[in-house]
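Here's the structure, in C-alpha cells; my notes come after.
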Amino acid sequence: MSSNNARTAIVTGASKGLGAGIAKALAETGAAVVVNYRGDAEGAERVVGGITAKGGRAIAVQADVANGDDVRRLFDRAREAYGPVDVVVNNAAVATFAPLSGITEDEFQREMTTNLLGTILTTQALAAQDDIDAASIINVSTAGTVSHPPYASLYVASKSAVNAFTIVAAKELGPRGIRVNAIMPGPSDTEGTRAMGYAGSAQEAQAIAATPLGRTGTPDDYGPLVAFLASDDARWITGAVILASGGMR
Ligand SMILES: NC(=O)c1ccc[n+]([C@@H]2O[C@H](COP(=O)([O-])OP(=O)(O)OC[C@H]3O[C@@H](n4cnc5c(N)ncnc54)[C@H](OP(=O)(O)O)[C@@H]3O)[C@@H](O)[C@H]2O)c1
C-alpha cells in the first residue's frame with residue numbers, strides 16, 4: 001500500500017458502496033476522512049465507526065454535492081475538524097437505466113447536477129483554499145464511458161462529461177500542484193446496484209462474461225487505487241482517466 005501524505009480527505013457519497021470502501025482505504029493510509037452523505041446518516045456513522053474502531057480519524061458530514069451552499073459548508077466543517085482539505089474523492093452519483101424515451105427533464109437535472117455539477121463545485125471549493133500547496137482530486141467515473149451500454153445514455157453522458165472535466169481541470173490546476181484524475185469502475189456489488197436488482201441478474205452474468213478477470217467488482221477493489229492516486233507516489237500522474245474494471249471494456 002502506498003503511503004499517504006495527505007492530511008484531510010473528503011469522500012463524497014461515502015455512506016455506502018464504493019465511497020465507503022474508498023473512505024476506509026484512505027483512513028488506513030493515515031488520512032483524516034470526512035465521510036459525506038446526502039440522506040443516510042446511519043450508514044455514514046457506521047463507516048465512521050468502522051474507521052475510528054481501527055484507530056483512524058473520521059467524521060460524517062451531511063451535504064448535497066449538487067448544492068453550492070452545502071458544498072461550502074462541507075469544506076468549512078472539514079477544515080474546522082482537520083485543517084486544509086488536500087484530497088477530494090468525487091464519488092457521489094445517481095443513475096437510472098432507461099431507454100431514450102424514458103429520459104425526463106427532471107431526471108436530466110438530477111443526474112447532471114449530482115454527477116457533473118457536484119464534481120465541479122467540490123473542485124472549485126478545493127481550489128478556493130489558498131493554504132494548500134499540493135492536492136489530489138479523484139473523480140469516480142464509470143467503465144460505461146468506454147463500453148457505452150444501451151439504456152444508460154444519460155448516466156454515461158454525465159460521466160463522460162466528468163472524464164472531460166477531469167482532463168481540463170488537470171490542465172488548469174496543475175500549475176498549483178493540484179492533480180486531477182478519474183477512475184472508471186466496472187459493474188460492482190453495492191447497495192446502489194442491489195437496489196436496481198443487478199446482483200444475480202442476466203445483465204450481471206453478461207457483464208461477468210465480458211470481464212477478463214471473471215467477476216463483479218466489490219467496494220474493496222477501488223480503495224487501494226484511489227489511495228495511490230491520492231498519495232505522493234502518484235505525483236507525476238494528472239489528467240489520467242484510469243479503467244479499473246477487471247478488464248471489462
Ligand atoms: N456500483 C457500480 O457498479 C458502479 C460502476 C461504475 C461506476 N460507479 C460509480 O461509483 C460511485 C459509487 O457508486 P455506488 O454503486 O457505490 O453508489 P450507491 O451504493 O448508490 O451509493 C451512492 C452514494 O452517493 C451518495 N449520494 C447520492 N447523491 C448525493 C448527493 N447529491 N450528495 C451527496 N451524496 C450523494 C449516497 O448518499 P446517501 O445514501 O446518504 O443519500 C450514497 O452514499 C458512483 O459515482 C457511481 O457512478 C459504480
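The values are calculated or read from the model by the stated rules, or taken from the named source; none is laboratory data. Please read all numbers here as calculations on a predicted model, not as lab measurements. Neighbour counts run over all protein chains shown; Cβ positions are idealised from the backbone, glycine included. Accessible surface is based on the protein model in full, side chains and every heavy atom, while ligands, DNA and RNA are left aside. Shrake-Rupley method; radii C 1.70, N 1.55, O 1.52, S 1.80 Å.
Tabulated results
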item: Those residues of the range 133-161 which are away from the ligand (no atom under 14 Å from the Cβ) and open to solvent by 20 Å² or more (accessible area, probe 1.4 Å), in sequence order; result: D133, A134, P150, Y151, S153
item: Test: G83 is more than 19 Å from Y155 (Cβ to Cβ) and over 19 Å from the mean Cα position of the chain (by Cα); result: yes
item: Test for V156: is it of a type outside the set (G, A, S) and touching a His at 6+ places or on another chain (Cβ under 9 Å); result: yes
item: The range 52-64, residues that are within 15 Å of the ligand (Cβ to nearest atom) and open to solvent by less than 40 Å² (accessible area, probe 1.4 Å); result: A58, I59, A60, V61, A63
item: Selected residue (only one of A95, A31, A23 is of a type in the set (A, V, I, L, M, F, W, C) and within 8 Å of the ligand (Cβ to nearest atom)); result: A95
item: Output for the range 204-243, where each listed residue is part of a helix (DSSP H, G or I), open to solvent by 60 Å² or more (accessible area, probe 1.4 Å) and touching a helix residue (DSSP H, G or I) at 6+ places or on another chain (Cβ under 8 Å); result: D220, D221, P224, F228
item: Residue among A23, A9, A14 that is open to solvent by less than 10 Å² (accessible area, probe 1.4 Å) and assigned to a helix (DSSP H, G or I); result: A23
item: Single residue of D76, D106, D70, D64 found to be within 19 Å of the chain's Cα centre (by Cα) and assigned to a helix (DSSP H, G or I); result: D70
item: Hits in the range 171-192 - residues which are open to solvent by less than 30 Å² (accessible area, probe 1.4 Å) and within 16 Å of the ligand (Cβ to nearest atom); result: V180, N181, A182, I183, M184, P185, G186, S188, T190
item: The lone exception for M248 - which of (1) open to solvent by less than 30 Å² (accessible area, probe 1.4 Å); (2) under 26 Å from A31 (Cα atoms) it fails; result: (2)
item: Verdict on E172 being touching a Lys or Arg at 6+ places or on another chain (Cβ under 6 Å) and among the acidic types (D, E); result: no
item: Given (1) part of a helix (DSSP H, G or I); (2) open to solvent by 20 Å² or more (accessible area, probe 1.4 Å); (3) among the aliphatic types (A, V, I, L, M), number of the condition A95 does not satisfy; result: (1)
item: Among (1) over 27 Å from G30 (Cβ atoms); (2) out of contact with any helix residue (DSSP H, G or I) (no Cβ under 6 Å at 6 or more places or on another chain); (3) crowded, with 18+ Cβ neighbours inside 10 Å, the one test that Q109 misses; result: (3)
item: Any chance N163 is in contact with a helix residue (DSSP H, G or I) (Cβ under 8 Å, 6 or more places away or on another chain), farther than 22 Å from K16 by Cβ and not β-branched (V, I, T); result: yes
item: Subset of the range 37-61 (residues that are within 14 Å of A14 (Cβ to Cβ), assigned to a helix (DSSP H, G or I) and out of contact with any helix residue (DSSP H, G or I) (no Cβ under 9 Å at 6 or more places or on another chain)); result: A41, E42, E45, G49
